[in-house]
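Report on one structure; see the data block that follows.
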Amino acid sequence: MVIAIDGPAGAGKSTVARAVAQRLGFTYLDSGAMYRAVGLALLERGGAASEVAAALEIELGERVLADGRDVTEAIRAPEVSEAASKVATNQAVRAELVAKQRALLAGGDWVAEGRDIGTVVAPDAELKVFLVADPAERARRRAAELGVPAETVLRDQALRDAQDTSREHSPLRPAAGSVELDTTGLTIDQVVDRVVDLAAARRA
Ligand code: DC
């Protein structure tokens, strides 16, 4: 079974997807980490984005490895967020990463998280969830995570939201048949419970 969880940055996707995967004994796929790994590689050594995406060996698990190097922390830097958002507008890069994601999702039970899992990567997923939250709350959550002022996050977030929703290829939008879940004012546990309940209903 594949559970697709999409939505904007800060809606709680990573935390929720990780927790749902743990509860159900599924494997967690953080597709954003792939775009981040490509963004980091481009910042560090340049080159053609599509070639870097095709050649880069990305391993996801407890740690994120790029060509064997542990980049788990490095890919979370603000400049890498920006580079990832930019590289995510490149159709050739998307095609490479989508193929890698589909190959992973072909076997076993997964909770896959990103922007286009329900629309492009796994449109046949048994459960598609689109997480949303009030922008100010999303910025507050990110700020607390990163230990930086919420105003700074809010500015960067608005920029990335605009980039992610307005790009030509695979813009961020709810997939057909997805369940929209507003996480504003909900605890992580409440959101996780809801997704687990939905998954149980789909499985039955
Ligand atoms: O979820 P995240 O912040 O780690 O994602 C990093 C960037 O990659 C973000 O700008 C959106 C983009 N992304 C994407 O375009 N498609 C995905 N499936 C996952 C992430």
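The values are calculated or read from the model by the stated rules, or taken from the named source; none is laboratory data. Please read these numbers as outputs of a predicted model, since none were measured by experiment. Cβ atoms come from the backbone with ideal geometry, glycine included; neighbour counts cover every protein chain shown. For accessibility, only protein heavy atoms count, side chains too; no ligands or nucleic acids. Shrake-Rupley method; radii C 1.70, N 1.55, O 1.52, S 1.80 Å.
When only the Cβ of Lys, Arg, Asp and Glu is charged (+1, +1, -1, -1), the dipole of the stretch 51-148 relative to its Cα centre reaches about 320 debye.
The alpha carbons of the chain give a radius of gyration and a Dmax of 16.0, 49 Å, in that order. Sorted largest first by accessible area at a 1.4 angstrom probe radius, with every protein chain in place, the residues L43, L60, L105 fall in the order L43, L60, L105. Our note on the geometry: Cα centres of the stretch 149-204 and the stretch 10-82, 18 Å apart.
Other residues with beta-carbon under 12 Å from the beta-carbon of V120 carry, at +1 per Lys or Arg and -1 per Asp or Glu, a net charge of +2. Each label point was placed 7 Å from the Cα along the Cα-to-Cβ direction; for A103 and R173 their separation is 3.0 nm.
Below 10 angstrom from the Cβ of E82, what's the summed charge of the other residues (Lys, Arg +1; Asp, Glu -1)? Value of the local net charge: 0. Remark: the stretch 173-182, residue by residue, has Karplus-estimated 3J(HN,Hα) of 7, x, 6, 4, x, 7, 9, 8, 10, 8 Hz, where x stands for each Gly or Pro and the curve is 6.51 cos²θ - 1.76 cosθ + 1.60 at θ = phi - 60°. Our estimate of slack between A136 and M1, defined as 0.36 nm per intervening residue step minus the Cα-Cα distance, is 45.2 nm. Overall, the stretch 83-125 carries a charge dipole of about 220 debye about its Cα centre when +1 sits on the Cβ of Lys and Arg and -1 on the Cβ of Asp and Glu, all other atoms neutral. Accessible surface of E51, taken over heavy atoms with a 1.4 Å probe and every protein chain present, rounds to 130 Å². Close amide H partners of T27, meaning residues 5 or more places away or on another chain with modelled amide H under 5 Å apart, are D109, W110, V111. Across the stretch 80-183, the mean sequence separation of Cα contacts (distance under 8 Å, 6 or more residues apart), normalised by length, yields a relative contact order of 38 percent.
Per residue, the convex hull spanned by the Cα atoms of the stretch 125-203 amounts to 103 cubic angstrom.
Counting only protein heavy atoms and a 1.4 Å probe, the chain has 47 square angstrom of accessible area per residue.
Near G114, the amide H atoms lying under 5 Å from its own belong to I5, D6, G7; only residues 5 or more places off or on other chains count, and H is placed 1.01 Å from N. When the square roots of the Cα gyration tensor eigenvalues are ordered a ≥ b ≥ c, the ratio a/c for the stretch 1-110 is 1.5 or more and a/b exceeds b/c, which makes its shape prolate.
Mean residue ellipticity, 222 nm, helices only, the chain: the sum of -39500 (n - 2.57) across DSSP H runs of n ≥ 4, divided by residue count and rounded to 500, is -16000 deg cm²/dmol. Label-to-label distance, D70 versus A204, with points set 7 angstrom from Cα along the beta-carbon direction: 4.4 nm.
The value of relative contact order for the stretch 128-204, using C-alpha pairs under 8 Å at least six residues apart, is 42 percent.
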